[in-house]
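As structure tokens, the structure follows; a few thoughts come after it.
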Amino acid sequence: MTINLSDYETGAKYKGDYDAALLALQHRLSKIQVAHILHRRRTVIMLEGWDGAGKGGIIKRMTADWDPRYYQVHPIAAPTREELDHHFLWRFWTRLPASQNIGLFDRSWYGRVLVERVEKYATKAEWKRGYKDINAFEAQQVDTGTNIIKLFVHITQETQDEQLAQRLDTPWKRWKTGTDDYRNRARRAEYWDAMHDMFEKTDTKQAPWKVIDNNNRKAGRIAALTYVAERLEKLVPMDFPAPDPEVVKLAREAFGYKSAK
């Protein structure tokens with residue numbers, strides 16, 4: 001099915017008790033992470049989207065109840081000189097998660113066909129070849145057992161302007177904005193075209209895109225966390241082991257343990 005960002009701009013409010021729903025989702029995700037650790041899975045959760053779209057807020061709430069030893073957040077900025085001397089995917093290969101781990105990417109390898117395309121950091125031949133390279137890269141990860149979950153966090157120009165103004169008005173948020181935000185804003189039409197080309201060429205069966213309407217932050221966060229939970233529950237066995245008999249024996253001897261079941 002063709003993805004059109006215009007279909008994700010309702011900004012509908014979350015119908016229900018947001019705080020209760022968020023807590024329930026975080027508890028659900030914490031159990032999923034335990035299963036992920038026990039079954040030695042590895043997963044990449046990647047978030048793309050507009051400046052000010054709320055990617056960081058989604059990540060913060062997604063990981064709230066996770067064991068920090070088994071996940072890593074990678075905020076992706078401009079490549080270093082060393083990274084520029086390699087294939088554009090090299091810096092992402094070095095960040096892929098090991099077994100039991102979840103790697104969260106706040107922006108990703110899709111920079112090749114988005115910012116590098118629009119800002120002309122990559123030649124036309126390079127970014128056009130990027131689609132094939134990205135699809136092959138993701139297929140390799142899936143074929144070798146890595147789960148890939150791709151979220152695109154969408155907001156309208158009106159919502160983005162509200163977020164940029166809020167960052168200027170809030171002293172402890174000013175560090176999150178700069179001149180790049182306004183350069184990118186001025187080229188929204190070009191980014192829009194690049195994003196739709198990206199969806200058309202990289203929305204694959206093994207690594208599909210999920211667009212999140214984050215024009216209402218609460219509804220968007222619930223939608224994002226729900227999607228991740230549902231995807232992981234399909235990709236990770238959700239059975240948990242019985243107690244180790246030796247440990248049960250030691251517990252009985254130590255404090256008279258009796259099973260609650």
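The values are calculated or read from the model by the stated rules, or taken from the named source; none is laboratory data. Computed from a prediction, not measured in an experiment: that's the story for all the values here. So basically every Cβ, Gly included, is an ideal-geometry build from the backbone, and we count neighbours across all protein chains shown. Areas reflect the complete protein model, heavy atoms only, side chains present, ligands, DNA and RNA absent. Shrake-Rupley method; radii C 1.70, N 1.55, O 1.52, S 1.80 Å.
Going by the structure shown, is residue 167 at pLDDT 95 or above, over 21 Å from residue 212 (Cα atoms) and either of a type in the set (A, V, I, L, M, F, W, C) or open to solvent by less than 80 Å² (accessible area, probe 1.4 Å) (or both)?
Details: at pLDDT 95 or above: no; over 21 Å from residue 212 (Cα atoms): yes; either of a type in the set (A, V, I, L, M, F, W, C) or open to solvent by less than 80 Å² (accessible area, probe 1.4 Å) (or both): yes.
Considered against the rule, which asks whether it is at pLDDT 95 or above, over 21 Å from residue 212 (Cα atoms) and either of a type in the set (A, V, I, L, M, F, W, C) or open to solvent by less than 80 Å² (accessible area, probe 1.4 Å) (or both), residue 167 comes out as no.
Checking the structure you have, find out if any residue of segment 168-177 is part of a helix (DSSP H, G or I) and touching a Gly at 6+ places or on another chain (Cβ under 6 Å). Show your work before the answer.
First, pick out the residues of segment 168-177 that are part of a helix (DSSP H, G or I): 168-169, 171-176.
Checking the rest, the ones that are also touching a Gly at 6+ places or on another chain (Cβ under 6 Å) come to none.
The answer is no, given that none of the residues of segment 168-177 is part of a helix (DSSP H, G or I) and touching a Gly at 6+ places or on another chain (Cβ under 6 Å).
Quick one: would you say residue 251 is part of a loop (DSSP other than H, G, I, E, B) and either basic (Lys, Arg) or more than 24 Å from the chain's Cα centre (by Cα) (or both)?
Working: part of a loop (DSSP other than H, G, I, E, B): no; either basic (Lys, Arg) or more than 24 Å from the chain's Cα centre (by Cα) (or both): yes.
The answer is no for residue 251.
In this structure, does residue 130 turn out to be farther than 24 Å from residue 218 by Cβ, touching a residue at least 24 places away in the same chain (Cβ under 8 Å) and open to solvent by less than 10 Å² (accessible area, probe 1.4 Å)? So that I can check it myself, show each step before the final result.
Numbers: farther than 24 Å from residue 218 by Cβ: yes; touching a residue at least 24 places away in the same chain (Cβ under 8 Å): yes; open to solvent by less than 10 Å² (accessible area, probe 1.4 Å): yes.
Taking the combined requirement at face value, the residue satisfies it.
Can residue 151 be described as farther than 17 Å from residue 46 by Cβ and either among the aliphatic types (A, V, I, L, M) or not in a loop (DSSP other than H, G, I, E, B) (or both)? If you could, list the steps in order and put the result at the bottom.
Values: farther than 17 Å from residue 46 by Cβ: no; either among the aliphatic types (A, V, I, L, M) or not in a loop (DSSP other than H, G, I, E, B) (or both): yes.
No.
Would you list the helices (runs of 4 or more DSSP H) that sit entirely within segment 1-86 and hold 3 or more residues that are within 19 Å of residue 225 (Cβ to Cβ)?
Numbers: elements: 18-38, 55-62, 81-84.
Because the criterion is at least 3 residues that are within 19 Å of residue 225 (Cβ to Cβ), the helices (runs of 4 or more DSSP H) in segment 1-86 that meet it are 18-38, 55-62.
If you check residue 49 against the conditions, is it within 15 Å of residue 219 (Cα to Cα), open to solvent by less than 40 Å² (accessible area, probe 1.4 Å) and modelled with pLDDT of 95 or more?
Details: within 15 Å of residue 219 (Cα to Cα): no; open to solvent by less than 40 Å² (accessible area, probe 1.4 Å): yes; modelled with pLDDT of 95 or more: yes.
Judged against the criteria, residue 49 is not a match.
Taking into account only those residues within segment 190-222 that are part of a helix (DSSP H, G or I), of a type in the set (A, V, I, L, M, F, W, C) and surrounded by fewer than 20 Cβ atoms within 10 Å (Cβ to Cβ), which is nearest to the chain's Cα centre (by Cα)? Can you show your working first?
To start, the set of residues in segment 190-222 that are part of a helix (DSSP H, G or I) comprises 190-202, 217-222.
Subset that is of a type in the set (A, V, I, L, M, F, W, C): 192, 194-195, 198-199, 219, 222.
Those still in the list that are surrounded by fewer than 20 Cβ atoms within 10 Å (Cβ to Cβ) too: 192, 194, 199.
On the way: 192: 20, 194: 19, 199: 16 Å.
In this case the residue turns out to be 199.
Could you check, for segment 77-91, whether at least one of its residues is surrounded by 19 or more Cβ atoms within 10 Å (Cβ to Cβ), at pLDDT 95 or above, over 22 Å from residue 210 (Cβ atoms) and not β-branched (Val, Ile, Thr)?
Filtering segment 77-91 for residues surrounded by 19 or more Cβ atoms within 10 Å (Cβ to Cβ) gives 88.
Those left that are additionally at pLDDT 95 or above: 88.
Those still in the list that are over 22 Å from residue 210 (Cβ atoms) too: 88.
Next cut, not β-branched (Val, Ile, Thr) only: 88.
Within segment 77-91, one or more residues are surrounded by 19 or more Cβ atoms within 10 Å (Cβ to Cβ), at pLDDT 95 or above, over 22 Å from residue 210 (Cβ atoms) and not β-branched (Val, Ile, Thr).
Before we move on, is residue 201 out of contact with any strand residue (DSSP E or B) (no Cβ under 7 Å at 6 or more places or on another chain), basic (Lys, Arg) and touching a residue at least 40 places away in the same chain (Cβ under 8 Å)?
On the way: out of contact with any strand residue (DSSP E or B) (no Cβ under 7 Å at 6 or more places or on another chain): yes; basic (Lys, Arg): yes; touching a residue at least 40 places away in the same chain (Cβ under 8 Å): yes.
Answer is yes for this residue.
Of everything in segment 135-176, what is free of Cβ contacts under 8 Å to residues at least 24 places away in the same chain and among the aromatic types (Phe, Trp, Tyr)? Give them in sequence order.
172, 175 - these are the residues of segment 135-176 that are free of Cβ contacts under 8 Å to residues at least 24 places away in the same chain and among the aromatic types (Phe, Trp, Tyr).
Residue check, residue 137 against (1) open to solvent by 20 Å² or more (accessible area, probe 1.4 Å); (2) under 22 Å from residue 90 (Cα atoms); (3) among the aromatic types (Phe, Trp, Tyr), all met but one. Which one?
Of the numbered conditions (1) open to solvent by 20 Å² or more (accessible area, probe 1.4 Å); (2) under 22 Å from residue 90 (Cα atoms); (3) among the aromatic types (Phe, Trp, Tyr), the odd one out for residue 137 is (1).
Do the conditions hold for residue 233, that is, is it over 35 Å from the mean Cα position of the chain (by Cα) and among the acidic types (Asp, Glu)?
Values: over 35 Å from the mean Cα position of the chain (by Cα): no; among the acidic types (Asp, Glu): yes.
The answer is no for residue 233.
Give the residues of segment 96-107 that are in a loop (DSSP other than H, G, I, E, B), more than 9 Å from residue 44 (Cβ to Cβ) and touching a Gly at 6+ places or on another chain (Cβ under 9 Å), sorted by residue number. Spell out the reasoning first.
Restricting attention to segment 96-107, the residues satisfying the condition of being in a loop (DSSP other than H, G, I, E, B) are 96-101, 107.
Retained after the next criterion (residues that are more than 9 Å from residue 44 (Cβ to Cβ)): 98-101, 107.
Scanning segment 96-107 gives 99, 107.
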